[in-house]
1. Can you pull out every residue in region 96-109 that is surrounded by fewer than 16 Cβ atoms within 10 Å (Cβ to Cβ) and either within 22 Å of H54 (Cα to Cα) or in contact with a helix residue (DSSP H, G or I) (Cβ under 6 Å, 6 or more places away or on another chain) (or both)?
2. Filter region 110-130 down to residues that are farther than 30 Å from P64 by Cβ and over 13 Å from the mean Cα position of the chain (by Cα) and give me whichever is surrounded by the most Cβ atoms within 10 Å (Cβ to Cβ).
3. Can you tell me which of G59, G32, G11, G41 is over 27 Å from P142 (Cβ atoms) and within 16 Å of the chain's Cα centre (by Cα)?
4. How about region 21-43: which of its residues are crowded, with 18+ Cβ neighbours inside 10 Å and over 19 Å from L73 (Cβ atoms)?
5. Confirm whether D104 is touching a Cys at 6+ places or on another chain (Cβ under 6 Å), touching a residue at least 12 places away in the same chain (Cβ under 8 Å) and acidic (D, E).
6. Within region 70-83, how many residues turn out to be closer than 15 Å to H119 by Cβ and either hydroxyl-bearing (S, T, Y) or open to solvent by 70 Å² or more (accessible area, probe 1.4 Å) (or both)?
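The values are calculated or read from the model by the stated rules, or taken from the named source; none is laboratory data. For clarity, every value in this text was computed on a predicted model and none was experimentally measured. Positions of Cβ are backbone-derived with ideal geometry, glycine not excepted, and every protein chain shown enters the neighbour counts. To get the accessible areas, we keep the full protein, side chains included, count just its heavy atoms, and leave off ligands, DNA and RNA. Shrake-Rupley method; radii C 1.70, N 1.55, O 1.52, S 1.80 Å.
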Amino acid sequence: MAKLARMPAVGHVHLKVADLDRSETFYREALGLEVTERVGGSFVFMSFGGAHHHVALQGHPDAPAIDPAALGLYHFAVEVADERELAGAIDRIQGAGIGFTAVDHGISKSVYFSDPDGHGVEVYCDTRESRHRPEWEGIAAPLDVDALPRG
């Protein structure tokens, strides 16, 4: 197999949602995404900036609900630069009234929540360099979100 010229990157997430307007509001409030394009009543494309879209929402009002016990995507993750940005994301999530779980994995700090259709979302910052922990040790301790630096 030929060696890759550069590391691949995930370009975007495409989600099927029951209510396009509800999901657009959710992703704008929870993650700070902005709408870059709407295609009729079928698609909304949203971006953090610098790309046409990072999240594509496709409306499917008659689709069955997601079964959390079924096989499929567990969650998608959005990496932020540092603990200050993670704190800002948590403040935005809390301000939108979204419940979440905050976890310190030892190599990263994460918040997990679900969108209105049950798609799992993670926002995290990698802390390997700041903690000198090159390997994951299976840590999943509660994260004190009030202790994160702000400002």
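1. Passing the criteria: only A96.
2. Taking region 110-130 first, the residues farther than 30 Å from P64 by Cβ are 125-130.
Okay, now just the ones that are also over 13 Å from the mean Cα position of the chain (by Cα), so 126-130.
Numbers: D126: 16, T127: 18, R128: 13, E129: 9, S130: 10.
Going through the qualifying residues, I end up with T127.
3. Numbers: G59 fails: within 16 Å of the chain's Cα centre (by Cα); G32 fails: over 27 Å from P142 (Cβ atoms); G41 fails: within 16 Å of the chain's Cα centre (by Cα).
That would be G11, the only listed residue that is over 27 Å from P142 (Cβ atoms) and within 16 Å of the chain's Cα centre (by Cα).
4. E24
5. On the way: touching a Cys at 6+ places or on another chain (Cβ under 6 Å): no; touching a residue at least 12 places away in the same chain (Cβ under 8 Å): yes; acidic (D, E): yes.
Judged against the criteria, D104 is not a match.
6. Taking region 70-83 first, the residues closer than 15 Å to H119 by Cβ are 70-78.
When the remaining residues are screened for being either hydroxyl-bearing (S, T, Y) or open to solvent by 70 Å² or more (accessible area, probe 1.4 Å) (or both), the result is 71, 73-74.
Of the residues in region 70-83, 3 are closer than 15 Å to H119 by Cβ and either hydroxyl-bearing (S, T, Y) or open to solvent by 70 Å² or more (accessible area, probe 1.4 Å) (or both).
Condition check ((1) at pLDDT 95 or above; (2) buried (at least 16 other Cβ atoms within 10 Å of the Cβ)) across all residues:
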| position | (1), (2) |
| --- | --- |
| S47 | yes, yes |
| A51 | no, no |
| A65 | no, no |
| P68 | no, no |
| G88 | yes, yes |
| Q94 | yes, no |
